[in-house]
1. Hey, got a sec? Which trypsin sites (Lys or Arg not before Pro) in region B:65-155 land in a DSSP loop and have at most 16 other Cβ atoms within 10 Å?
2. How compact and how long is region A:289-335, expressed as Rg and Dmax of its alpha-carbon atoms in Å?
3. Put one equal scatterer on each alpha carbon of the protein assembly as shown, apply the Debye formula with no solvent term, and list log10 I(q)/I(0) at q = 0.08 1/Å to two decimals.
4. To the nearest 20 debye, what is the magnitude of the charge dipole of the protein assembly as shown about its Cα centre, counting +1 on the Cβ of each Lys and Arg and -1 on the Cβ of each Asp and Glu?
5. So what's the angle, to the nearest 10 degrees on a 0 to 90 scale, between helix A:340-363 and the longest Cα principal axis of chain A?
6. Taking the Cα atoms of region C:114-158, report the difference between the largest and smallest coordinate on each principal axis, in whole Å and largest first.
7. How about region C:166-209: which trypsin sites (Lys or Arg not before Pro) there are in a DSSP loop, with at most 14 other Cβ atoms within 10 Å of their Cβ?
8. Listing A:Ser306, C:Ser312 from the residue with the fewest other Cβ atoms within 10 Å to the one with the most, what is the order?
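Just so it is clear, none of the values below were taken in a lab; they were calculated from the coordinates. Small disclaimer: the values here were computed from a predicted structure and weren't measured. Counting neighbours? That spans all protein chains shown, and the Cβs are built from the backbone with ideal geometry, glycine included.
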4 protein chains.
Amino acid sequence: MAGNTTGKIFRLTSFGESHGPVIGGVVDGCPPGLPLDTALIQQELDRRRPGLSRLASSRQEEDKVELLSGVFEGMTLGSPIAFIIRNTDSRPGDYEQLRDVYRPSHADYTYQVKYGIRDHRGGGRSSARETAVRVAGGSIARVLLNVQHIEVIACTSGIGKLSVDPRNLILRREEIESNALRCPDPFVAAEMEAYLDTIRKEGDSTGSEVFCLIRNLPAGLGEPVFDKFGADLAKAMLSINACNGFDIGSGFRGISMKGSEHNDPFIPTVEGGSGRQDSNISTSSNHAGGVLGGITSGQDVYFRCSFKPVPSISKEQQTSDRLGKPVTLKISGRHDSCIAPRAVAVVEAMACLVTADHLLRQRTIR
Amino acid sequence: MAGNTTGKIFRLTSFGESHGPVIGGVVDGCPPGLPLDTALIQQELDRRRPGLSRLASSRQEEDKVELLSGVFEGMTLGSPIAFIIRNTDSRPGDYEQLRDVYRPSHADYTYQVKYGIRDHRGGGRSSARETAVRVAGGSIARVLLNVQHIEVIACTSGIGKLSVDPRNLILRREEIESNALRCPDPFVAAEMEAYLDTIRKEGDSTGSEVFCLIRNLPAGLGEPVFDKFGADLAKAMLSINACNGFDIGSGFRGISMKGSEHNDPFIPTVEGGSGRQDSNISTSSNHAGGVLGGITSGQDVYFRCSFKPVPSISKEQQTSDRLGKPVTLKISGRHDSCIAPRAVAVVEAMACLVTADHLLRQRTIR
Amino acid sequence: MAGNTTGKIFRLTSFGESHGPVIGGVVDGCPPGLPLDTALIQQELDRRRPGLSRLASSRQEEDKVELLSGVFEGMTLGSPIAFIIRNTDSRPGDYEQLRDVYRPSHADYTYQVKYGIRDHRGGGRSSARETAVRVAGGSIARVLLNVQHIEVIACTSGIGKLSVDPRNLILRREEIESNALRCPDPFVAAEMEAYLDTIRKEGDSTGSEVFCLIRNLPAGLGEPVFDKFGADLAKAMLSINACNGFDIGSGFRGISMKGSEHNDPFIPTVEGGSGRQDSNISTSSNHAGGVLGGITSGQDVYFRCSFKPVPSISKEQQTSDRLGKPVTLKISGRHDSCIAPRAVAVVEAMACLVTADHLLRQRTIR
Amino acid sequence: MAGNTTGKIFRLTSFGESHGPVIGGVVDGCPPGLPLDTALIQQELDRRRPGLSRLASSRQEEDKVELLSGVFEGMTLGSPIAFIIRNTDSRPGDYEQLRDVYRPSHADYTYQVKYGIRDHRGGGRSSARETAVRVAGGSIARVLLNVQHIEVIACTSGIGKLSVDPRNLILRREEIESNALRCPDPFVAAEMEAYLDTIRKEGDSTGSEVFCLIRNLPAGLGEPVFDKFGADLAKAMLSINACNGFDIGSGFRGISMKGSEHNDPFIPTVEGGSGRQDSNISTSSNHAGGVLGGITSGQDVYFRCSFKPVPSISKEQQTSDRLGKPVTLKISGRHDSCIAPRAVAVVEAMACLVTADHLLRQRTIR
């Protein structure tokens, strides 16, 4: 059973190989009557696009989205919203040397074993290009969140040994977008930029971290006991290329804490939270990261994602071909040396998809 | 849309409140012809059971599993396997004081907001008692894994500031089970025990970490692009009560690494891996944690889970009732001061469920 | 991938073999705050129970339902509602002769081929006893329908060559329940009863038909393009033991009609239908059976189900054992000679489950 | 929760409005390594296409399929197979008069109520044009069936009062395709053609029936208790536009039969059926239609589908607009007067999809 669909009610099905004619997706379950047009999707796609700064891959992907269905006179119909993005800059010839070679820490080998066949050109289905589909799908989910003033905002919080703790900052999209690294602290951003320059000159790459915040989320989202809000976020994030870690609230930092420090006391709130009965309660701290028992509490949800170092490095590497013969590999071409700045858009998109799905799921509960 | 079922092919549906007559589950999709009896399930359940040592809660839950269906003359039938565990030690009276009070960092409040009603007795559906159902379900999944010699083994790797790195150890279940903490290093285990004694005397609790290893896993499991093997593990773990973090392979530790250090070179292997064509390849390191592109590589899968400090502490706490009125709360009763030692059984169970599900999913691919 | 769960939002998972300890089910996705108790479920179960008249099997199944979870102080919690029905009257010894023999037109053979193993006692999982679980599940769905005054009512409309067209009658449950055949026309009922007496004396059985009506259904239910309201009803009905035909509205009788006769003209309605904007429209005829494009129109939904003759007859039959050796079989024991009267309760239950599911699905649309 | 995906393992997601830029689909779960190209899909699409004879609508839809993903060097990759068909002959202006009018027995009204918005042009999402996506998807499923020599073949079995019983004929595709009606009996075909000529001159339409046969199906497919093989076929067929009835095996004709006539005795078979152990058994009759207990028996599966009269007739009709105002409607344009001949391709496609899905599901059982 294949796994190219995410979500239960608000669902995105993704398709396409990086060097086939298109990549694309189908959003099913988007409520009718929401304003949607190409420009809105394009805006988010442009944030993921490489080639916008010297920090990112210089591949010129245009990433122009085309809406194929589900929208009529500028409004969603409630029918599936299909879209495609053409692969205009594909140069399959570049990849012929990789037909029988397994790049280290890439999915070449595992795809071959799993399917017995693969499109070796640029990773095919395993290419990070696929995340553009997530960004497009997420931008449609965001339209639903906007109606309820729910805000999803991510930033780069770590590169190599350099890091920033965004829990102490007031995150604003304009500030985050003001530097190429999407780091909310401009001083740390400068240091990160310097570090990336060094790494790039070495022909190397680095691991990184993305932080994400969801604001104005109503209390009550998340489905015990297996589809908890944090659990679905974790799955969504770990499904992003190169993501290998997730924590919510205190997360791994909470291991060394005591219950008396960590517990978030309930306090009355004047405003009344999400407007529901029983939601006139707040907490004076938020180590939980906005979820209790897998259900949102009305506090901010925040989480972190770790990304492994980009496996495509220009340094010479030892590896093996399909027959097990040793190969010395030098990967040419255009590659990011750090994933975080572009992953910010993908993390937001996946968070939007999870949130939209749970908003609709809660409608079936109460 | 509720969320009490996990898995796509090998599925567990969980039911039951901690102070209702029973908790239980239904496993659907277990292949026919596998040997299964009550004793085998009971053995795993006993590992999760509290009251076995002074470290755990002294509540005497018997946790006797009863098989209701799906097994005939000692073999699985291919039909749903239902089981129940009676709640023999329920003392609902203990909980009357909690009918209208929200315990800090518990799910009392969020259940109330989500459903507009809740069983306040011992957390009801949100109680950690529900994890017994996961352990029972996981023990059935393990029968399927045993046929393929796949081994799932977890241990306590961190409590407070004390930790051990199990990647450097050869994990054996007998050794792990030999101390009450299920820590694979006996010296660290002794320190942890001393620390827990202190914490308990303070009426406090602590966060903790569980490490898990899956050995002898064939290459090729995991479904791009959303149901990656690591993504499904992440969701499964984050769905466990109090789990708030997950990483696989280098995870958060990989952020500070370079690609040239982190990449795992492919090397030929003499033995031929899982026996499939194209699986005669190994890697000389395993920073990936056994997954590439979301698909198992045939190397060991290993991951970590963080657990927040147990919220039920005997120290006096400030909180609020349903009307927003401040309440001073002193939680009496029987509670663990650290989750990891018992969570080890739950983490293993969830890993068994995910692995069994993906084994069967791969049968539909190739 | 096994198939023991029905529904997408309001879901019933069924388990149990006819001669194991219990049969039972888990309803997940039932909204919280609905009144539910054992008596309400028992009332429906009693309608399905055999042994109430000389027309039905004389097996004395008590069919006492026990609620295991999901209900607290008489109200649904929003958590899974599990229930069991004990198999008190199981006499497994009766069935030893059937261990290796395939009864004609029973599922003995196909279960053996599919699973390589089967519980041969009374059909095991394939026994019609399993339908008691559907009736219990359906009675929970009906609680949700009651809130919206949706009424589901079925009756026997055909036995052998005797039939009645319930489209011309005003169906009332009291009248239908007033005769053992559940036929809405007492004169036809008497003829049917006489026919069944003859059949029974011959040691034979007969095919039959059940008609079902859903009243007060709001317009707008059903999910294009694959989960149309009629499509989900069709699947639900064909999943009932011995059901081998379904039609909705004019159905097979519409084949010989012309479009100009069959089309249902839209007319304005004074009352305003379901209260939604755009629902102030009715139709002057209802050949469509209350669905257009797979979506309910606000008119009555009605459909028919055909049931094949009961395969268990006391007449001597020729068949084969597992090795292909011819066997002369005489089935003893207690068996209905006609399914319809008891199937009425099962058809209603499945219709309630489908309707509840689509009611909740529509909440995610608009 | 929307319903644009069919299947559990072999899944088709459909998208597109009849007068948007394209209609299309995504097949997920198709095994890798199967030969697939555009020509193969096009061949099936051409069978559904209108305008091939004077019997069908004269709209010239080109229905050229384009493959977007999932195929590499002529073989399926195991990744999603997306395809589109452009709507080249759309003349939206034709439909402006229908913006606020509900055509009798069309889905205009129910779409409006369900979604609060609709694309009124040619039915939008509710148009029969959507079935082209099913035919394309079904042709991909058929590639999988071909590997196992499973044959799916349908024909027109009834138009108005004229009918043929294909159970008495040996169905061959060439013969069926040799007349425009796809009726397997050329004499009845001629009568049907004459009847359709009359109907067409009247500006009217007629109901019809399609018969379908699945040959060489292995025993063991179908998932008790809800996803029985016949149940999934029933749902698939009732999801086709205008289909309002389904029966399998004796179906509605079995109501008047006795058990002693209807039961299919098991007999040994020389050849050994599907090659599995336990499948060396056949039956001497096949009233069951190839399924017992919802599982295929290895005998031919056969079923019938009824289609209501085409609602678009050129005769003048009375109906209502959105405000409930009476309207006299004369539908111009190009419409079939009978669905069956073109529906033959759609019924086959849906049967292929269901069969492919259950073939893969059985791989997870045994």
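1. Working: sites: B:Arg86, B:Arg99, B:Lys114, B:Arg118, B:Arg121, B:Arg125, B:Arg129, B:Arg134, B:Arg142; in loops: B:Arg99, B:Arg118.
Of the trypsin sites (Lys or Arg not before Pro), the ones in loops of region B:65-155 whose Cβ has at most 16 other Cβ atoms within 10 Å are B:Arg99.
2. Here Rg and the maximum Cα pair distance are 21.0, 56 Å.
3. At q = 0.08 Å⁻¹ the computed log10 ratios are -0.99.
4. Working: 172 positive and 172 negative charges, 0 e Å.
In total the dipole reaches around 0 debye.
5. Roughly 40 degrees, rounded to the nearest 10.
6. 46, 28, 17 Å, listed from the longest principal axis down.
7. Values: sites: C:Arg167, C:Arg172, C:Arg173, C:Arg182, C:Arg200, C:Lys201; in loops: C:Arg172, C:Arg182.
Of the trypsin sites (Lys or Arg not before Pro), the ones in loops of region C:166-209 whose Cβ has at most 14 other Cβ atoms within 10 Å are C:Arg172.
8. On the way: A:Ser306 29, C:Ser312 23.
Ranking A:Ser306, C:Ser312 by Cβ neighbours within 10 Å, fewest first, gives C:Ser312, A:Ser306.
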